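Q: Sharing a structure, written as structure tokens. Questions coming.
The values are calculated or read from the model by the stated rules, or taken from the named source; none is laboratory data. As the structure is a computational prediction, the values presented were derived from the model and not from experiment. Neighbour counts are summed over all protein chains in view; Cβ atoms, including those assigned to glycine, are modelled from backbone coordinates with ideal geometry.
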Amino acid sequence: MTVSLAVIALLVVIVSVPAGGTSEPASESETTGTDEDELRARRQELLSSIGIRVFDDRLDAVDFDLESLAEESLSLGDFRGDFVFLNFWATWCPPCREEMPAMEVMQEELADLPFTILAVSVQEDRGTVERFIQEFGFTFPILLDPAGRVTSRYGVRGLPTTFIIDPDGTVLGMLIGILDWKDESVLSVFRRMITLDGA
């Protein structure tokens, strides 16, 4: 069952594990699942070390189609296979404006890795967003969500909010507020996470 991202903030999962084991050997699919779970846990441990909230549950990232400032339709699915840094922001939001230069540096520093930044402008018109982006020269993809439809589907309640999405399309973690994404300790965590075996 897919858990809606709109209830992430209220999500509490209690997992019960039966006592004892099994005398039957694990099937190949079970072994693969275990390996994937271990890899996911290692990635989340790294993210947690820099203050990103991670989730025990496997949450599918909500796919979407939004128009970009470059006037092309982009979907989250277009970036399957990459780690996606999905950031919700607005020009009127001081913390958003503060963190975006660090996001630009982050994109440059991780350019040789399967990593993509998508910045979703929340409930603003194209002209306002375009002027802001041109003024500061940000080069990562800017997506427009003028009606807040995608923002609402992700349950965003404050700006900026960032989701870190696995190459398989599941959410690894989220952060409400800003982080100095250009800090070498943060960049190091992302490099290690992206290059872990199996990435």
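Q: Given the condition more than 12 Å from the chain's Cα centre (by Cα), under 17 Å from CYS93 (Cβ atoms) and hydrophobic (A, V, I, L, M, F, W, C), answer yes or no: does some residue in region 156-166 qualify?
A: Initial filter on region 156-166 (more than 12 Å from the chain's Cα centre (by Cα)): 156-160.
Right, trim to under 17 Å from CYS93 (Cβ atoms) and you get 156-160.
Right, trim to hydrophobic (A, V, I, L, M, F, W, C) and you get 156, 159.
Yes - at least one qualifying residue is present in region 156-166.
Q: Pairs please, first residue from region 115-137 and touching a residue at least 12 places away in the same chain (Cβ under 8 Å), second anywhere and exposed (fewer than 11 other Cβ atoms within 10 Å of the Cβ) and of a type in the set (A, V, I, L, M, F, W, C), Cβ atoms under 8 Å, 6+ apart in sequence or on different chains.
A: GLN123/ALA147
Q: Quickly run through region 174-199 and pick out the residues that are touching a residue at least 60 places away in the same chain (Cβ under 8 Å), in a helix (DSSP H, G or I), farther than 16 Å from ARG53 by Cα and not hydroxyl-bearing (Ser, Thr, Tyr).
A: Of everything in region 174-199, those that are touching a residue at least 60 places away in the same chain (Cβ under 8 Å), in a helix (DSSP H, G or I), farther than 16 Å from ARG53 by Cα and not hydroxyl-bearing (Ser, Thr, Tyr) turn out to be LEU187, ARG191, ARG192, ILE194.
Q: Whether any residue in region 50-59 is in a helix (DSSP H, G or I), at negative phi and touching a residue at least 12 places away in the same chain (Cβ under 8 Å) is what I want to check. Spell out the reasoning first.
A: Step one: of region 50-59, the residues in a helix (DSSP H, G or I) are none.
Scanning region 50-59, I find no residue that is in a helix (DSSP H, G or I), at negative phi and touching a residue at least 12 places away in the same chain (Cβ under 8 Å), so the answer is no.
Q: For region 96-110, which positions are among the acidic types (Asp, Glu) and touching a residue at least 24 places away in the same chain (Cβ under 8 Å)? Lay out the reasoning, then the answer.
A: Of region 96-110, the ones among the acidic types (Asp, Glu) are 98-99, 104, 108-109.
Matches in region 96-110: GLU98, GLU99, GLU104, GLU109.
Q: Which fully enclosed helices (runs of 4 or more DSSP H) of region 67-169 have 2 or more residues being modelled with pLDDT of 95 or more, touching an Asp or Glu at 6+ places or on another chain (Cβ under 9 Å) and closer than 24 Å to LEU46 by Cβ?
A: Passing ranges, in order: 94-109.
Q: Given GLU98, GLU71, GLU124, GLU109, which one is under 23 Å from SER152 (Cβ atoms) and not aliphatic (A, V, I, L, M)? Steps first, answer last, please.
A: On the way: GLU98 fails: under 23 Å from SER152 (Cβ atoms); GLU71 fails: under 23 Å from SER152 (Cβ atoms); GLU109 fails: under 23 Å from SER152 (Cβ atoms).
Just one listed residue meets the conditions, GLU124.
Q: Which pairs have Cβ atoms under 6 Å, sit 6 or more apart or on different chains, and link a residue in region 81-95 that is closer than 21 Å to GLY173 by Cβ to one that is surrounded by fewer than 16 Cβ atoms within 10 Å (Cβ to Cβ)?
A: Once the first residue is closer than 21 Å to GLY173 by Cβ and sits in region 81-95, its partners that are surrounded by fewer than 16 Cβ atoms within 10 Å (Cβ to Cβ) give ASP82/PRO114.
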